[in-house]
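The values are calculated or read from the model by the stated rules, or taken from the named source; none is laboratory data. Not measured: the values here are computed from a predicted model. A quick note on method: Cβ atoms are made from the backbone with ideal geometry, for glycine too, and the neighbour counts reach across all protein chains shown. We work out accessible area using only protein heavy atoms, side chains counted, and drop any ligands, DNA or RNA first. Shrake-Rupley method; radii C 1.70, N 1.55, O 1.52, S 1.80 Å.
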Amino acid sequence: MKRQKGWTVAFQPDGRSAVVMHGTSLLEASRKAGVAISTRCGGKAGCLMCKVKVEDEYAAALSPAGDAERRKLGNLLDEGVRLACQAAVWNDVTVHTPEDPLKAAVRRRLEAARRGEEDGLW
């Protein structure tokens, strides 16, 4: 049953979330939450840059994949990969977005420094 205020979309690893109305795309929800998901095609399922991962427990919280998404993703759909521009929010959901490579490198360096490890880059 849809709640009057909308559905909560949580984005990991960012830890940010947004409340959106039923049928809002994950791409729109990410923008509302301040989470950067890359795209070049303007949300037309053309560039495949907006791939996100959704755990099985949340699969029904999104609209089923349409023809374009099925053609583009193929077997990746079975692994929980969706196109943020095509998947519409139907319920509360947690989505895993790819981490920016530079941000990931900085995070790894910080974690290594906390553990007292040297990485030889300095």
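For region 66-101, the set of residues classified as under 16 Å from Val35 (Cα atoms) and surrounded by fewer than 21 Cβ atoms within 10 Å (Cβ to Cβ) consists of Thr94, His96, Pro98, Glu99, Asp100, Pro101, listed by residue number. Among the numbered conditions (1) surrounded by 13 or more Cβ atoms within 10 Å (Cβ to Cβ); (2) farther than 24 Å from Ala45 by Cβ, the only one that Arg114 does not meet is (1). Considering (1) in a strand (DSSP E or B); (2) in contact (Cβ under 8 Å) with a residue 24 or more places away in the chain; (3) touching a helix residue (DSSP H, G or I) at 6+ places or on another chain (Cβ under 7 Å), the lone condition that Ala10 does not fulfil carries the number (3). Criterion first (over 11 Å from the mean Cα position of the chain (by Cα) and either free of Cβ contacts under 8 Å to residues at least 40 places away in the same chain or within 14 Å of Trp90 (Cα to Cα) (or both)) does Lys32 satisfy it? Criteria met by Lys32. What do you reckon, is Glu99 in contact with a Pro (Cβ under 7 Å, 6 or more places away or on another chain) and among the charged types (D, E, K, R)? For Glu99, the condition - in contact with a Pro (Cβ under 7 Å, 6 or more places away or on another chain) and among the charged types (D, E, K, R) - is met. Residues Gly116, Gly74: which one is more than 30 Å from His22 (Cα to Cα) and not charged (D, E, K, R)? Going through Gly116, Gly74 in turn, the sole match is Gly116. In region 35-73, which residue that is among the aliphatic types (A, V, I, L, M) and over 18 Å from Thr94 (Cα atoms) is farthest from the chain's Cα centre (by Cα)? Across region 35-73, the extreme among qualifying residues is Ala68. Considering only region 64-106, state which residues are basic (Lys, Arg) and either under 19 Å from Ala10 (Cβ atoms) or assigned to a strand (DSSP E or B) (or both). Correct list: Arg82, Lys103. Within region 32-61, if we keep just the residues that are exposed (fewer than 14 other Cβ atoms within 10 Å of the Cβ) and of a type in the set (Lys, Arg), the residue that is nearest to Cys85 (Cα to Cα) turns out to be Lys44. Suppose we filter Leu102, Leu76 for residues that are under 15 Å from the mean Cα position of the chain (by Cα) and of a type in the set (A, V, I, L, M); which single one remains? Matching residue, one of Leu102, Leu76: Leu76. Could you tell me whether any residue of region 45-54 is farther than 11 Å from Thr97 by Cβ, in a helix (DSSP H, G or I) and in contact (Cβ under 8 Å) with a residue 40 or more places away in the chain? Within region 45-54, none of the residues are farther than 11 Å from Thr97 by Cβ, in a helix (DSSP H, G or I) and in contact (Cβ under 8 Å) with a residue 40 or more places away in the chain. Screening Leu27 against (1) open to solvent by less than 80 Å² (accessible area, probe 1.4 Å); (2) of a type outside the set (Gly, Ala, Ser); (3) in a loop (DSSP other than H, G, I, E, B) leaves a single unmet condition, (3).
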